[in-house]
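Below is one structure, written out as structure tokens; the observations come after it.
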Amino acid sequence: MAAIAVYSLKGGVGKTTLTVNLAWASAVQSSRRTLLWDLDPQAASSWILGDDKPGKDDAQAVFAKDIAPERLVRATGIDRLSLLPADVSLRSLDRFFFDLGKRKRLARLIEMLGRDYDRILLDCPPGLTETSDQVMRAAEVIVVPVIPSPLARRALDEVATHLSREHGKHAPILPVFTMVDRRRALHRAALDEQPDWPVIPMASTIEAMAVHHAPVGAFAPNSPGAQAFGALWTGIERRLTKPR
Ligand SMILES: Nc1ncnc2c1ncn2[C@@H]1O[C@H](COP(=O)(O)OP(=O)(O)O)[C@@H](O)[C@H]1O
Ligand SMILES: [Mg+2]
């Protein structure tokens with residue numbers, strides 16, 4: 001089992017979009033038993049994957065060990081892809097982790113879930129917080145979406161600095177350019193500077209996920225967007241299965 005976090009200091013940079021599509025690629029393209037764990041109280045990936053029924057707001061109770069995570073897991077309608085949905089209770093998760101003082105609670109829960117899943121994708125809330133610290137202790141790789149701009153680069157550098165300061169030897173960071181528009185000079189310049197980073201194009205097909213309530217692979221498998229997510233996932237799989 002491996003946990004893959006999709007994380008950024010910033011909001012609105014494409015974390016949820018990446019998480020949902022990578023989870024789809026894991027389940028469908030790689031036939032992995034896959035769980036998407038939505039840790040963001042905005043619950044965007046839960047919503048895209050069809051979890052729009054009002055629940056009991058017990059997502060946070062999993063961390064208190066009041067509820068076994070398996071009990072909140074839902075099917076998604078996509079073979080081998082399950083969802084552990086978010087809800088508003090996660091708004092106080094940072095304070096909860098702080099009071100709890102157990103720095104590896106998320107990592108332990110993920111280890112337990114590893115009996116049932118091969119790949120666990122984490123859709124993370126933005127910010128450098130108690131929650132992100134838990135995530136960084138639990139993940140095998142940290143995928144960081146970066147919109148090509150100097151500000152986004154700065155946010156990425158901040159994360160890298162924080163990681164080496166607080167976590168010493170930490171999981172590798174995999175930066176990914178998102179919402180790339182090659183007609184823009186600034187975007188082209190950023191890509192030229194980091195030619196090795198994977199690229200997800202800006203595309204209306206990708207935006208349409210919110211309309212279809214589905215990953216792009218499910219409704220537009222041959223679109224450039226779906227191809228880009230697929231290629232990115234192949235690269236992540238290669239990294240995860242590479243002998244160390
Ligand atoms: N590659 C893309 N092309 C077009 N729209 C995108 C792309 N990636 C994300 N978006 C849109 O940008 C907005 C923010 O993306 P989202 O994945 O929700 O970001 P985050 O989870 O980081 O807040 C959403 O409306 C989403 O549909
Ligand atoms: Mg999001």
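The values are calculated or read from the model by the stated rules, or taken from the named source; none is laboratory data. In this text, all values refer to a predicted model and were calculated from it rather than measured experimentally. Cβ placement follows ideal geometry from the backbone for every residue including glycine, while neighbour counts extend to all protein chains displayed. Keep in mind that these areas ignore ligands, DNA and RNA; they rest on the heavy atoms of the full protein, side chains included. Shrake-Rupley method; radii C 1.70, N 1.55, O 1.52, S 1.80 Å.
Conditions (1) touching a Lys or Arg at 6+ places or on another chain (Cβ under 8 Å); (2) more than 23 Å from Asn222 (Cα to Cα); (3) among the aromatic types (Phe, Trp, Tyr), marked per residue:
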{"site": "Tyr7", "(1), (2), (3)": "yes, yes, yes"}
{"site": "Val13", "(1), (2), (3)": "no, yes, no"}
{"site": "Arg32", "(1), (2), (3)": "yes, no, no"}
{"site": "Asp51", "(1), (2), (3)": "yes, yes, no"}
{"site": "Gly55", "(1), (2), (3)": "no, yes, no"}
{"site": "Asp58", "(1), (2), (3)": "no, yes, no"}
{"site": "Asp66", "(1), (2), (3)": "no, yes, no"}
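Exactly one residue out of Val73, Val28, Val62 is among the hydrophobic types (A, V, I, L, M, F, W, C), open to solvent by 40 Å² or more (accessible area, probe 1.4 Å) and away from ligand 1 (no atom under 15 Å from the Cβ), and it is Val28.
Checking each residue in region 104-117 for being touching a helix residue (DSSP H, G or I) at 6+ places or on another chain (Cβ under 8 Å) and surrounded by fewer than 24 Cβ atoms within 10 Å (Cβ to Cβ) picks out Lys104, Arg105, Ala107, Leu109, Met112, Leu113, Asp116. Scanning region 114-131 for residues that are farther than 21 Å from Ile48 by Cβ and not acidic (Asp, Glu), we see that the one that is farthest from ligand 1 (Cβ to nearest atom) is Arg115. Taken over region 138-183, residues that are basic (Lys, Arg) and closer than 15 Å to Ile200 by Cβ amount to 1. Taken over region 64-114, the criterion of being among the charged types (D, E, K, R), over 21 Å from Met136 (Cβ atoms) and in contact (Cβ under 8 Å) with a residue 40 or more places away in the chain is satisfied by Glu70, Asp79, Arg80, Asp87.
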